[in-house]
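FYI, it's all coordinate maths here, none of it is from the lab. Since this is a predicted model, take the numbers as computed values, not measurements. Every residue, glycine as well, gets a Cβ built from its backbone with ideal geometry; the counts of neighbours run over all protein chains shown.
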Amino acid sequence: MRLTIPEPTIDLYKQGFEGTDKLRRNVDGKRLSKLVENISDPMVIAIDAPWGAGKTVFLKCWVGAHTLENEGTAQTVYFDSFANDYFDDPLISILEAIQNRFEKLGESEPQSVAKLKTFGSIVARSAVRIAARWVTGNLSEQIVAELGDENLGNAVGEDLNEGAIAKASALFSEATNASQEAFSNFRTALEELSATEKLVIVVDELDRCRPDYALSLLEVIKHFFNVPNVHFVLGTNLDALVDSVRARHGSSINAQKYLQKFISVTMPLRRRLSPVKGDTVEVAHLRHVAGCVDFDSVSFSWLVEEYLSVLQPTAHITLRDIERIVTKAIVAPEPPTSNSRFKDHMLVGAIFLGVLAPDVLEAARRGEMKKADFYAIFRLDADRNLSADAHDAHCVWAMVFRDRTKGLPQYLERWETNVFGKRHANEHLRDVIAEFHDQFQIEVG
């Protein structure tokens, strides 16, 4: 039995959604392709979804599907920003990705690509950083080294003289002029490249990057790639990007409005029904995961699908959440088979709460879980339109929240008599959490 499921293997640019797309995201892919093909003005499109919702699989499939399945003509480039965020300057990394893409096409590299990298490298050198420090008056040994003039050594410190300052100013002006010329040449080369076919650069994992790198990347896109027929598609969780803005600029900034300067269009990845009639994408993904890890060998695995089917829409479960639920269920000790039906329900409920609402689970550990908090996650508060297994779930949790000062409905009396006895169900729940749920703590992301 496996503990986690392997990431799907996708052959970039050579494979699309067909045969890989278990979430029916090909519909979203076709709409994205139509958008980038129809618009010539530069766009930055944010594919917005929570962490673990399948953005990476969608984007890796789309860079191939755009031409293979969607009749697109734009050239796509995939760039994993998180894999490159240990670099200081995202510009060079993006240019490397563009160059590598054209090399993989098996064609002779367009001269404009070589120009892009050459002029981009010049622009990315120290002139920009020198300018920032010069404006603040912070002339330092680091700037001297960047300017590459040993004679400026005497100009460092408090004993700056007019001659040294004049020489530093001249060198700075020369470096700035060279940078501006390189920037102009860079834009010209980019226009040449996109004149024959559109260029769509897909930036994945932006929400996982260091805040300073993520925002630097957005600034690079805005200032260097704002050219007709050049589009960017960002895979991100906009809530995480908002946090990055506040981490850099402070909590008082209007982060959403700030991001509007960089992002033209937002495209949420939404839930869809699975190809099996009546199933949600989440249920289909659970079954896929179960097959990968031999989950059916877990005695209470059948209940996981039942609880998944009664989640409130506001629970906002992601595909990664489902994988974590399965992983936690695999390692949890199984309750004894004798008179344990209610324990299975309590364990599965606790596993879901541990992933979706850890604060509610913590309250349950203390015997203080509120009915409203639990039923905000699960549609089990009313005994209607429920399957037989979901009816049992309703009864178990109704007993957990039972007020002993009031009488029981007749259908719950047998649960008190035959299952829980004199002990309150809430006490049983605390035992189940301690003995089975908390035995092993899973930190798999």
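A few remarks follow.
- Proximal lysines relative to K406, as straight alpha-carbon distance under 26 Å, when same-chain residues fewer than 8 apart are discounted: K343, K370, K371, K422
- Only Lys, Arg (+1) and Asp, Glu (-1) charged, at Cβ; segment 202-351 dipole about Cα centre in debye: 540
- Backbone geometry of segment 233-248 corresponds, through the Karplus equation with coefficients 6.51, -1.76 and 1.60 at θ = phi - 60°, to 3J(HN,Hα) couplings of 10, 9, x, 7, 9, 4, 4, 5, 5, 4, 5, 5, 4, 5, 5, 8 Hz, x marking Gly and Pro.
- q = 0.12, 0.13 Å⁻¹: log10 I(q)/I(0) that the Debye formula gives for segment 281-439, counting C-alpha atoms only: -0.48, -0.57
- Cα gyration tensor shape of segment 342-399, rounded if a/c is under 1.5, else prolate or oblate by comparing a/b with b/c: prolate
- Loop-resident chymotrypsin sites (Phe, Trp or Tyr not before Pro) (DSSP state other than H, G, I, E or B) in segment 1-86 with no more than 11 further Cβ atoms inside 10 Å of their Cβ: Y86.
- Lys, Arg +1 and Asp, Glu -1 on Cβ, resulting dipole of segment 281-439 about Cα centre, debye, nearest 20: 460
- Taking Lys and Arg as +1 and Asp and Glu as -1, the other residues whose beta-carbon sits under 14 Å from that of D389 total -3.
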